[in-house]
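The block underneath contains the structure these notes are about, expressed in structure tokens.
The values are calculated or read from the model by the stated rules, or taken from the named source; none is laboratory data. Since we're looking at a predicted model, the values are computed, not measured. With ideal geometry, Cβ positions are generated from the backbone for all residues, glycine too; neighbour counts draw on all protein chains shown. Accessible surface is based on the protein model in full, side chains and every heavy atom, while ligands, DNA and RNA are left aside. Shrake-Rupley method; radii C 1.70, N 1.55, O 1.52, S 1.80 Å.
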Amino acid sequence: MPVEILKRIICSGPGVIRFKPELQHIRRKGLASSVAGQGGPLSPPAPPPSEPRLQILPWYAAMESGQPLPRVLSVQSHVVHGYVGNKCAVFPLQVLGLEVDPIYSVQFSNHTGYPTFKGSVFDGEQLRALVSGLEANGLLTHTHLLTGYIGSLSLLQAIADLCSQLKHHSPNLTYVCDPVLGDEGRLYVARELVEAYANSIVPLASVLVPNQFEAELLTAGAAITSLDDALAACEVLMARGPHTVIITSMALPGDPDGITLVAATRLPQRPDGRLHGATRLKMRIDRIKAYFTGTGDLFAALLLAWMHHHPGDLATAVEKAVGGLQAVLADTVRHCGPAALAAERTSEVCALRELRLIPCQAKLQDPPIRYRCEVAKPGIEAGPPAGQGKVQQGIARGPNVPAAVDVVDTCTVTSSRQEA
């Protein structure tokens, strides 16, 4: 919805968003659709059929009614400049209609892909102090917990305690955990954190979003080399606590140019949903061949929001989360040009590669859906779709940067998961 329309119809007060009398009048007259360009005496000229019509997004109704909005406590890294961790999570969650309270696991000048970074790592006692202040004021009213990179064992232990505390206040709390441990055989954290995640965090999580390497670590090192292996890993992890597991990027033998996303859930799925009640999903995406940071953080935040807006329809939530991420990546590639492929990561190159969240906010709210989930059936491997000519975009997180690629036509990006 254009900013000028919002300014006319919404006024804000402390802790509440109210719709101005103009919209109330429109609603009473049954003409609310006019604001969205759907016809009526107050409507602007109808756009040509080829142009998308403006929609009043679902969460606006909750704002108008005065209902409490869902509230996310997001514990992740923070950078002063750029977009990783909470800088990748807070804004997308807010534009998708969720309140967000961020807590930092680290505070750095910039992400660790730059040649230099400065800052400090937070520990468990600092988190406990913040939580005690929230508790004393009755502010632990969160509906969701989101965690990303955690750099110390004491902080991870404090998060386990925090999750239990939040569930005491909100028994239906949804905990989305991105277990940032490493990628492509390389650990980003101390080995002791792997065991702590497996024993203390996985049983508390509602939704777990590891990459292939992390899923292997959390299932005692069992190799994932096929779709069947991935589905089996999801079953092992769900048996420990989470109701939903999504392996966000998996490389399969025989498909070097693609990655596969695999998702499984124990939650009942709507028969009228995207895949008619299926609980095991896959999505094949062509590998994107450039280097970006923060994509895992952005995907986890978008997934949380879209799962909230589409309960019982995991396929739609995954498609919208991937669609929003890919829209940001495509715009970032176009903006940074040759820097997307530069092998040397100078400060200038890293700055150009920062994800363009703010310019893409409309696509985060209404993501273009170009890639669809399919039902994942054991014994049937994922692979390049027969006869498919269009190059797709992926959410791979690896360090390899090939020598050349057509950044305009293919928008292929191999994005990286960093410590911060």
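Structure notes:
- In this entry, Val121 passes the filter for residues that are in contact with a Gly (Cβ under 7 Å, 6 or more places away or on another chain) and either among the polar types (S, T, N, Q) or open to solvent by 30 Å² or more (accessible area, probe 1.4 Å) (or both).
- Among the residues making up the stretch 341-376, a single one is of a type in the set (Gly, Ala, Ser), over 23 Å from Ser109 (Cβ atoms) and surrounded by 14 or more Cβ atoms within 10 Å (Cβ to Cβ): Ala376.
- The set of residues in the stretch 64-103 that are open to solvent by 10 Å² or more (accessible area, probe 1.4 Å), polar (S, T, N, Q) and either assigned to a loop (DSSP other than H, G, I, E, B) or under 16 Å from Ile159 (Cβ atoms) (or both) contains only Gln67.
- From Asp297, Asp331, Asp313, Asp286, residue being in contact (Cβ under 8 Å) with a residue 24 or more places away in the chain and either open to solvent by 40 Å² or more (accessible area, probe 1.4 Å) or under 21 Å from Ala264 (Cβ atoms) (or both): Asp313
- All of Gly124, Gly85, Gly119, Gly133 fail the test of being under 29 Å from Asp161 (Cα atoms), small (Gly, Ala, Ser) and free of Cβ contacts under 8 Å to residues at least 12 places away in the same chain, apart from Gly133.
- Set side by side, the residues Val207, Val194, Val176 differ, and just one is of a type outside the set (Gly, Ala, Ser), in contact with a helix residue (DSSP H, G or I) (Cβ under 6 Å, 6 or more places away or on another chain) and closer than 18 Å to Ala315 by Cα, which is Val176.
- Of everything in the stretch 160-180 that is in a loop (DSSP other than H, G, I, E, B) and crowded, with 23+ Cβ neighbours inside 10 Å, the residue that is nearest to the chain's Cα centre (by Cα) is Asp178.
- Val106 being outside any loop (DSSP other than H, G, I, E, B), hydrophobic (A, V, I, L, M, F, W, C) and modelled with pLDDT under 95: yes
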